[in-house]
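This report concerns only the one structure given below.
The values are calculated or read from the model by the stated rules, or taken from the named source; none is laboratory data. Just so you know, these numbers come straight off a predicted model, no measurement behind them. Here the Cβ is made from the backbone with ideal geometry for all residues, glycine too, and neighbour counts use every protein chain on show. Areas reflect the complete protein model, heavy atoms only, side chains present, ligands, DNA and RNA absent. Shrake-Rupley method; radii C 1.70, N 1.55, O 1.52, S 1.80 Å.
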Amino acid sequence: QKEVEQDPGPLSVPEGAIVSLNCTYSNSAFQYFMWYRQYSRKGPELLMYTYSSGNKEDGRFTAQVDKSSKYISLFIRDSQPSDSATYLCAMSAQNTDKLIFGTGTRLQVFP
Amino acid sequence: NAGVTQTPKFQVLKTGQSMTLQCAQDMNHNSMYWYRQDPGMGLRLIYYSASEGTTDKGEVPNGYNVSRLNKREFSLRLESAAPSQTSVYFCASSEEGFRDQPQHFGDGTRLSIL
């Protein structure tokens, strides 16, 4: 079993839809949670970062962490065609030199 | 604003050939990383350098060597390329450590081993 599980998609939605992207994990020691966005033929770029549990909002993006369920989510409101990309979750634990990435979910937003 | 620069962008090698992938960052970051990205496998850490003068193995180090040339540059070497090393290689950097510092990635080197 992988430490981090992420549905590969693709997820195809119309412009303006609310998108929900999710990851589950097995290591209860994870405390740092990140979402990266990766456009085709580009490197990943950090989108959201959350420490421990709770929500964090940045414009159209909201990151949620539910440590009791070992489940993290990224919500995109009013999705745009420019949001079409692969979204990678990543997480790490205190006092460790490891950042574990999910395999990524490919999102397509059509006009 | 260059960020993390990787060269070359594309390369085709024959089995057994050697090559070095170059990476440079201009953000004065202490930590640098090499990942490979394969379909269905996500990003896997090959080697990292927590600071200038130090390097450590990641999840998949076999078949690779690294050199932290100075604070800016971190190179990845394939001594005898194998088809299993066909992948997209990403270099990344962060201010310090993994946990609470965002990693900044280059745009990758697409490497094919025939």
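Annotations for the structure displayed:
- Count of residues meeting criterion [over 12 Å from the mean Cα position of the chain (by Cα), within 7 Å of another protein chain (Cβ to nearest Cβ) and open to solvent by less than 30 Å² (accessible area, probe 1.4 Å)] in segment A:97-110: 1
- So residue A:69, is it surrounded by fewer than 21 Cβ atoms within 10 Å (Cβ to Cβ), modelled with pLDDT of 95 or more and touching a strand residue (DSSP E or B) at 6+ places or on another chain (Cβ under 9 Å): no
- Within segment B:70-82, the set of residues being within 13 Å of residue B:4 (Cα to Cα) and either outside any strand (DSSP E or B) or within 14 Å of another protein chain (Cβ to nearest Cβ) (or both) comprises B:71, B:72.
- Matching residues in segment A:13-31 - criterion: being open to solvent by 60 Å² or more (accessible area, probe 1.4 Å) and over 16 Å from the mean Cα position of the chain (by Cα): A:14, A:15, A:28
- Residue selected from segment B:83-95 under the condition more than 10 Å from chain A (Cβ to nearest Cβ) and open to solvent by less than 30 Å² (accessible area, probe 1.4 Å), by the criterion farthest from residue B:19 (Cα to Cα): B:93
- Single residue of segment B:96-106 satisfying the filter (more than 16 Å from residue A:91 (Cβ to Cβ) and modelled with pLDDT of 85 or more) that is surrounded by the fewest Cβ atoms within 10 Å (Cβ to Cβ): B:104
- Within segment B:22-47, tally of residues that are in contact (Cβ under 8 Å) with a residue 24 or more places away in the chain, open to solvent by less than 50 Å² (accessible area, probe 1.4 Å) and part of a strand (DSSP E or B): 14
- Pairs with Cβ under 7 Å, 6+ apart, first in segment B:55-69 and closer than 12 Å to residue B:79 by Cβ, second of a type in the set (A, V, I, L, M): B:63/B:78; B:63/B:82; B:64/B:46; B:64/B:76; B:64/B:78; B:66/B:76
- Failed item, numbered, when residue A:87 is tested on (1) in a strand (DSSP E or B); (2) at pLDDT below 95; (3) not acidic (Asp, Glu): (2)
- Unmet requirement for residue A:91, which otherwise passes all of (1) over 26 Å from residue B:108 (Cα atoms); (2) within 10 Å of another protein chain (Cβ to nearest Cβ): (1)
- Residues that are over 27 Å from residue B:110 (Cα atoms), within 11 Å of chain B (Cβ to nearest Cβ) and either modelled with pLDDT of 95 or more or open to solvent by 50 Å² or more (accessible area, probe 1.4 Å) (or both), drawn from segment A:32-58: A:49, A:51
- Looking across segment B:55-66, the residues that are under 18 Å from residue B:93 (Cα atoms) and open to solvent by 50 Å² or more (accessible area, probe 1.4 Å) come down to B:55, B:56, B:57, B:59, B:65.
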